[in-house]
Each structure stands twice: as C-alpha cells, then as structure tokens.
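Read the figures in this text as sums done on the coordinates, not as results from a lab. Keep in mind that what you see is a predicted model, and the values were worked out from it rather than measured. For neighbour counting, all protein chains shown are included, and Cβ atoms are generated from backbone atoms with ideal geometry for every residue, glycine included.
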Amino acid sequence: MARYTGPQCRLCRREGVKLFLKGERCYSDKCAVDRRKTAPGQHGARRGKLSDYGVQLREKQKIRRIYGVLEKQFRRTMAEATLSRGKTGEVLVQRLEMRLDSVILRLGLALSRNGARQLVRHNHIRVNDRLLNIPSALVSVGDKVTVGEATRSMPAVTLAQEVAKREGHAVPSWLKWDSSSFTGEVLSKPQRDEVPLPVKEQLVVELYSK
C-alpha cells in the first residue's frame with residue numbers, strides 16, 4: 001500500500017497550520033509549526049503571495065495530507081463525490097470522514113491517522129463482528145466498530161484516550177462510543193459543521209472543475 005513516509009512536521013510547516021500528523025507531539029511545545037513559522041526549504045521564509053490557482057492547490061494539498069491519501073486515491077474520491085447528491089465539497093469531506101481509519105481517530109483510539117491506520121492494518125479492529133484490516137474502507141450508518149480485548153490495554157490506545165480526555169476531545173455527535181465494551185457505532189453521516197477541518201473544500205471543488 002503506497003503512502004507518504006517522509007517527515008510529517010514538514011507537511012504542517014508547508015501548509016502553515018497544524019495538521020495533527022504526529023500525535024502527542026502536536027499538543028506539546030515541540031510542535032514544529034509553533035517553533036518555526038516559516039515554510040520548509042531554503043526559500044521558505046520568502047514565500048510570496050499565491051495566485052488563485054495556488055490558493056486552491058494549497059487547500060487540496062492540505063486536505064490530502066490531513067487524511068493521508070495520495071493523489072490518485074484522492075482524485076477517485078473527488079470523482080465519487082461529484083457524482084453523489086448534495087454539495088460536492090461537503091460530500092467529499094463526508095466520504096473522507098467515514099473511512100475506517102478516520103472513524104478510529106474520531107473515537108479517540110489513536111493519536112493520529114497513521115496510528116489509526118496501524119491499528120486497522122494489524123487486525124485490531126472489527127466491524128459488525130467481522131475483522132476488517134483496510135483503513136480506507138467506508139463504514140455505513142448503523143455499523144459497529146469494536147476493538148479487540150487484547151488491544152484495549154495497549155499503551156498506544158491507553159495514551160490516546162488519556163490525551164483525548166486531557167485535551168477535551170469529545171466523540172462527535174454522529175458517532176456513539178461505549179467505553180465498557182469498547183464499541184463505537186455510526187449513528188449518522190457527519191455534517192460539515194461537525195467536522196473540525198481547517199480546509200475550504202469549495203476551493204478544492206473549483207480546482208477540479210477546471
């Protein structure tokens with residue numbers, strides 16, 4: 001499975017905002033965006049004004065990097081959103097949020113999407129009592145996501161729950177979490193105002209409509 005394996009903090013600095021790609025580090029004073037305000041590279045400090053196309057491109061790169069998808073996969077998701085009912089930008093965000101790795105992150109079981117992806121790939125997650133190890137798989141309304149018993153006491157999962165509690169990250173209203181059985185349920189499709197995403201998705205739609 002192809003994925004980006006380079007420095008994560010470099011991506012945040014390039015976009016100029018926290019993308020929360022490094023887990024707990026993003027909540028500490030070691031965050032690269034807080035320590036170094038300029039873009040990476042030799043000429044990062046001299047970044048000029050962007051054209052309209054440049055602004056649209058940066059928004060597209062931002063959303064791609066937040067969800068950890070490569071260009072071909074993102075283009076396919078964009079095409080599917082275009083063919084769906086509703087506003088294309090909102091449907092795009094909705095489809096990305098309903099990926100299994102995103103659901104794991106929203107339930108507070110991982111500190112980053114990379115961590116959530118690892119839980120899924122290593123066979124720690126069941127959907128409707130069936131093992132599912134494909135991070136990009138889309139869940140549906142009514143699906144139940146369960147964490148294996150041996151996984152519940154893993155340090156990474158425990159730390160993720162502690163950080164979520166410390167930072168006040170509540171499970172979104174479109175999901176339901178039962179801490180006694182370590183089971184989450186998809187109650188509905190997420191609405192745009194329920195997704196904390198620092199992206200103007202309409203600019204992405206305009207970029208792909210050219």
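Here are the numbers for this structure:
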{"item": "Subset of Lys87/Lys144; Lys49/Lys189; Lys165/Lys189; Lys49/Lys200; Lys144/Lys210 violating a 30 Å alpha-carbon distance limit", "result": "Lys49/Lys189; Lys144/Lys210"}
{"item": "FRET efficiency, Asn128 to Arg85 (Cβ-Cβ, R0 22 Å, nearest 0.05)", "result": "0.30"}
{"item": "Net length gained if the chain between Arg75 and Glu162 were fully extended (0.36 nm per residue, minus Cα distance)", "result": "27.8 nm"}
{"item": "Segment 99-188: relative contact order in percent, alpha carbon pairs under 8 Å with at least 6 residues between", "result": "30 percent"}
{"item": "Burial ordering of Glu162, Glu97, Glu206, fewest other beta-carbon atoms within 10 Å first", "result": "Glu162, Glu206, Glu97"}
{"item": "Cα gyration tensor shape for segment 99-188, rounded if a/c is under 1.5, else prolate or oblate", "result": "rounded"}
{"item": "Chymotrypsin sites (Phe, Trp or Tyr not before Pro) within segment 102-210: DSSP coil, no more than 13 neighbouring Cβ in 10 Å", "result": "none"}
{"item": "Centre separation in Å (Cα based) which lies between segment 69-129 and segment 156-182", "result": "18 Å"}
{"item": "Candidate aspartates and glutamates - alpha carbon under 17 Å from Lys72, same-chain residues fewer than 8 apart omitted", "result": "Glu59, Glu80"}
